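Before any comments, here is the structure.
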Amino acid sequence: MHSKLLIAATSLLVAATAHAQPVTLKFSHFLGPTSFFQNDVAEPFARELEARSGGRAKVEIYNAASPLGKPTEQASQVKSGAVDIALGLRGAEGDKFPGSSIIELPFVVPSAAQGSQVLWELYKDGTLANEYRDYKVLALFVHNPGLIHTTSKRVLNLSDLKGLRLRSPNRTVSAALEHVGAVPAVLQVNEVMDAVKAGKIEGIVTNWGNPLQGFNDHMKFHTDTQFYTSAFFILMNRERYEALPSEVKAAVDSICCDAWVAKFGPLWDKWDAPVREGAMGPGHEVIVPDAATMAQWRDGLRPVSERYLADLSAKGFPDARAAYERMLKRLGR
């Protein structure tokens, strides 16, 4: 009798101890340990999750200084279970998430806030559900419209891009650059400045809020065409999410999704400011084309979107055209 009571008591103690052990989640991203993704996304998420779960969850963060910080591997790491959560750049992931690329087409997104909201709505209404079926999607977002930054050539008209060697953030933007005769190279954030210094590229297609060290030391002309954006994701391993204790799952749910997506508009405005302010200094010119010139840019790049949507429809996203039209309507375009 005593032995049975002892066994029962021991079992209860083991169960209670196991229950008391905090869940540790691995969160990876592809920027550095002092980057805005580290300071303003990953670390606040870790603090908030621990607080909202009553200490039941802790987060280990792996950034670009870690083997888990490769730009091209974030989604794959989540799917394999190497990490539990990852923040990644869609354009760095090869052929993954092709439907999401429609938001990167020319002259679609007016701001990070609006673009992020509409991209998230396309996921919630099922338009993009299939390409994220292997994941628990915590957030989708975009940056503020991007520019063309160059070292020495002043770009005003679309024709000025011909022959210019430019870093492109993704294949969607590359299609636009190739259409007008530029020479794009898709480079990851850890490759860009080395290519500039080596003279391999003459400019960078990116947004103001970028993590490139020494950017304004080399980029002197900034053509504010606001012609594209890049899509990002925060994904969680689906099995890991489903296996979470109920209070931890509830804490994740309270942080993610609508609430998290809504934060990225103000965050990108904050992240844009230092680089944009640096470009107002001596030796820089911010070029803002007038309405007539911008109309020429829009007309000149319109065939890119048409061809891209047709290719996307033929390559596994048959709803591309209808999704694009719904997206434009929601953005008031």
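For the range 30-59, a tally of residues being of a type in the set (Gly, Ala, Ser), in contact (Cβ under 8 Å) with a residue 24 or more places away in the chain and farther than 18 Å from Val275 by Cα returns 5.
For the range 145-162, a residue qualifies if it is part of a loop (DSSP other than H, G, I, E, B), of a type outside the set (Ser, Thr, Tyr) and open to solvent by 20 Å² or more (accessible area, probe 1.4 Å), and the qualifying residues are Lys153, Arg154, Leu156, Asn157, Lys162.
Listed conditions (1) in contact (Cβ under 8 Å) with a residue 24 or more places away in the chain; (2) in a helix (DSSP H, G or I) are all met by Met236, apart from (2). Checking each residue in the range 79-137 for being among the acidic types (Asp, Glu) and either open to solvent by 10 Å² or more (accessible area, probe 1.4 Å) or not in a helix (DSSP H, G or I) (or both) picks out Asp84, Glu93, Asp95, Glu121, Asp125, Glu131, Asp134. Of the residues contained in the range 295-308, one or more are found to be more than 26 Å from the chain's Cα centre (by Cα), among the aliphatic types (A, V, I, L, M), more than 30 Å from Val78 (Cβ to Cβ) and open to solvent by less than 50 Å² (accessible area, probe 1.4 Å).
Whether a residue is assigned to a helix (DSSP H, G or I), farther than 22 Å from Ala112 by Cβ and of a type in the set (A, V, I, L, M) was assessed, and Ala176 does not pass this test. Within the range 205-215, can one find any residue that is assigned to a strand (DSSP E or B), surrounded by 23 or more Cβ atoms within 10 Å (Cβ to Cβ), of a type outside the set (Lys, Arg) and in contact with a helix residue (DSSP H, G or I) (Cβ under 9 Å, 6 or more places away or on another chain)? Yes: the range 205-215 contains one or more residues that are assigned to a strand (DSSP E or B), surrounded by 23 or more Cβ atoms within 10 Å (Cβ to Cβ), of a type outside the set (Lys, Arg) and in contact with a helix residue (DSSP H, G or I) (Cβ under 9 Å, 6 or more places away or on another chain). Any residue that is part of a helix (DSSP H, G or I) and out of contact with any strand residue (DSSP E or B) (no Cβ under 9 Å at 6 or more places or on another chain) - is there at least one of those in the range 282-292? Yes. Selection of the range 25-63 for residues being of a type in the set (Phe, Trp, Tyr) and over 17 Å from Asn237 (Cα atoms) yields Phe30, Phe36, Phe37. Would it be correct to say that Ala279 is more than 25 Å from Ser76 (Cα to Cα) and free of Cβ contacts under 8 Å to residues at least 12 places away in the same chain? Spelling it out, it is not the case that Ala279 is more than 25 Å from Ser76 (Cα to Cα) and free of Cβ contacts under 8 Å to residues at least 12 places away in the same chain.
The values are calculated or read from the model by the stated rules, or taken from the named source; none is laboratory data. Note that the structure is a prediction, hence the values are computed from the model and not measured. Cβ: placed from backbone, ideal geometry, glycine included. Neighbour counts: every protein chain shown. These accessible areas exclude ligands, DNA and RNA; they are computed on the full protein's heavy atoms, side chains included. Shrake-Rupley method; radii C 1.70, N 1.55, O 1.52, S 1.80 Å.
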